[in-house]
1. Extension gain residue 38-residue 68, at 0.36 nm per residue separation less the Cα-Cα distance, in nm?
2. Once amide H atoms are built 1.01 Å from N in the peptide plane, which residues 5 or more positions from residue 98, or in another chain, come under 5 Å H to H?
3. Would you kindly compute the Cα radius of gyration of the chain and its largest Cα-Cα separation (Dmax), both in Å?
4. What's the extension gain from residue 23 to residue 61 if we count 0.36 nm per residue and subtract their Cα-Cα distance?
5. With a Förster radius of 30 Å, plug the Cβ-Cβ distance of residue 9 and residue 84 into 1/(1 + (r/R0)^6) and report the FRET value to the nearest 0.05.
6. Please list, in order along the stretch 22-36, the HN-Hα scalar couplings obtained from phi with the Karplus expression 6.51 cos²θ - 1.76 cosθ + 1.60 (θ = phi - 60°), rounded to whole Hz, x for Gly and Pro.
7. Over the alpha-carbon set of the stretch 54-104, work out the extent along each principal axis and list the three values in angstrom, largest first.
8. Can you give me the angle between helix 64-80 and the longest principal axis of the chain, using Cα atoms only, in degrees from 0 to 90, rounded to the nearest 10?
Amino acid sequence: GPGGEPQDDCLFCRIVAGHIPATLVRESDTTVAFRDINPQAPTHILVIPKVHYPDAASLAAAEPAVAADVLREAGEVADEEKLESYRIVFNTGSGAGQTVFHAHAHLLGGRGLQWPPG
Ligand code: 5GP
Ligand code: ZN
């Protein structure tokens, strides 16, 4: 198939469908932004595509316009949160800390962010 279809066993597809509650901060035709349940910074928001791909690179390869939407929405949320500095992270693979295999951007801000991240 063309890819991107909702997966019954995917937590973030279930949030997109409204079957699991989340604290939404912004929504577009193609994306949803909501607060991370276990925040790692004063602002920690997840921006996800409504379509299902296992990671950000897969999304970008299959639907580049939607990948761009995710980035633009993350920037809009950063502006709304009045973050002058922030980080956008795409953990990819379990060794990098990815636990939910539906593409998502972490938007982190509101505190100093170390570089390199470790
Ligand atoms: P990953 O580790 O895959 O890069 O990021 C997954 C993120 O999803 C984690 O930061 C985790 O705290 C968050 N998360 C996991 N389950 C839920 C949930 O049910 N609701 C929300 N809002 N965030 C979740
Ligand atoms: Zn999904």
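Every number in this text was worked out from the coordinates using simple rules, so none of it is lab data. No experiment lies behind these values; they were computed from the predicted model shown. Note that each Cβ is placed from the backbone with ideal geometry, even for glycine, and that neighbours are counted across all protein chains shown.
1. Details: separation 30, 0.36 × 30 = 10.80 nm, distance 2.56 nm.
Stretched out fully, the residue 38 to residue 68 stretch lengthens by 8.2 nm.
2. For residue 98, the qualifying residues are 92, 93.
3. Calculated on Cα positions, Rg and Dmax stand at 13.6, 44 Å.
4. Numbers: separation 38, 0.36 × 38 = 13.68 nm, distance 2.89 nm.
Separation in residues times 0.36 nm, less the Cα-Cα distance, equals 10.8 nm.
5. On the way: r = 39 Å, r/R0 = 1.30.
Taking R0 as 30 Å, the efficiency between residue 9 and residue 84 is 0.15.
6. Values, residue by residue: 8, 8, 6, 10, 6, 9, 10, 4, 10, 9, 9, 10, 8, 6, 5 Hz.
7. Cα spread of the stretch 54-104 along its principal axes, largest to smallest: 31, 25, 13 Å.
8. 30 degrees
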